[in-house]
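I have placed the structure first, in the form of structure tokens, so that the comments after it can refer back to it.
Bear in mind that the values in this text are calculations on the coordinates, not laboratory data. Predicted model only: the values in this text are computed from it and were never measured. Note that each Cβ is placed from the backbone with ideal geometry, even for glycine, and that neighbours are counted across all protein chains shown.
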Amino acid sequence: MKRNLSEVTFDVGNVIILCLLTIATLYPFLYVAFASISSPSELAAHSGLLLFPRGIQWEAYKLVLNNPLILSGYRNTLIYVVVGTTLNIVVTALMAYALSRKGVLLRNYIMMFIVFTMFFSGGLIPTYLMIKGVGLLNTMGAMVLPGLISTMNLIIMRTYFQSIPESLEESAKLDGAGDWVILFRIIIPLSMPVISVMILYYGVGHWNAWFNASIYLNKSELFPLQLVLRNILVTNNTDDMMVTLGVNQKGQDMSEVIKYATIMVATIPVLLVYPFLQKYFAKGVMIGAIKG
């Protein structure tokens, strides 16, 4: 089929715009990656765009990976991600299944109260007092339990469950299956796309969590990786790493490279995991949004 000039112009314009957006999105990451392996002195002397590493060196990564706070932060973050995401998925699935069944008493009113929490909350100080009152301060539970269910994720999962044909549930009940069997043997296996999306949402949320940790945790051995990263970037706390390992390079120059290396160390794991869940991402969200 022959295409006219306006169609070709439109396609070329789209390609140009998408290429520019790709560059604008990708370049900041490449800049940090190149800067993290550049020589501190050459990086300090360079100004403008950074299109390749300036004098490759790996000293900054050695300093970062030998920092005990980074290692404990990684350990804590992995615990928060694994335990927190598992609890998130289980509790969200249980509640979404209950609210997706037509025979549940007052389910519409319950959903109204749940949606209400999307727009109004108790506030930071009352939440802090509640966490303190139940004894969660300076515990790992403070990073997992307060955000056990996301209202938006609950709505998406509930909507997906409602899209599954009722005939499957009715057939299972005729065979003597109860709600637990129906949920874990029928609904959950058929809902892997949306569950994968929930794992991505909850997992990335736990990985990037630092604000709650800065409020509820005072013990550095419980800090997640992102809070350690924030402290390094905001307070410029890189001197201990250099002194501990006897680095003799200029403090300020090396400090900047260490910051870039810390960002890369905190970012790379998510980039490695995301491609394995990306194929479910669009499908899960779109199917979960079909019905209200």
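Using only alpha carbon pairs under 8 Å that are at least six residues apart, calculate the relative contact order of the chain and give it in whole percent.
31
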Checklist outcome for this item: The extension gain from residue 152 to residue 113, computed as 0.36 nm times the residue separation minus the Cα-Cα distance, is 12.7 nm
Item to check | Contact order normalised by residue count of the range 67-235, Cα under 8 Å, 6+ apart, percent | outcome: 45
Item to check | Relative intensity, log₁₀ I(q)/I(0), of the range 69-198 from a Debye sum that treats every alpha carbon as a point, q = 0.15 Å⁻¹ | outcome: -0.85
Next on the checklist: On C-alpha positions alone, give me the angle between the axis of helix 151-163 and the longest principal axis of the chain, in degrees, nearest 10.
Outcome noted: 40
Next on the checklist: How large are Rg and Dmax for the range 126-185 when calculated on the C-alpha trace, in angstrom?
Outcome noted: 18.4, 50
Next on the checklist: Quick check on the range 17-120: what are the equivalent-ellipsoid semi-axes from the Cα gyration tensor, as sqrt(5λ), descending, whole Å?
Outcome noted: 48, 22, 11
Checklist entry - What's the lysine pair count for the chain at a Cα cut-off below 27 Å, pairs eight or more apart or interchain? => result 12
Item to check | 222 nm mean residue ellipticity, helices alone, for the chain (DSSP H n ≥ 4; -39,500 (n - 2.57); rounded to 500) | outcome: -23000 deg cm²/dmol
Checklist entry - Got a sec? Charge dipole of the range 1-139, +1 on Cβ for Lys and Arg, -1 for Asp and Glu; which of 98, 8, 55 is way out at the positive end? => result 98
Checklist outcome for this item: Kirkwood calc, the chain, C-alpha pairs only, radius in angstrom 22.7
Checklist entry - Hey, can you rank 107-113, 257-263 by average C-beta count inside 10 Å, highest first? => result 257-263, 107-113
Checklist entry - Suppose every K and R has +1 on its Cβ and every D and E has -1 on its Cβ; what is the size of the dipole of the chain about the Cα centre, in Debye to the nearest 20? => result 500
Next on the checklist: Which one, 84, 21, 72, is farthest towards the positive end of the dipole of the range 1-94 when Lys and Arg carry +1 and Asp and Glu -1 on their Cβ?
Outcome noted: 84
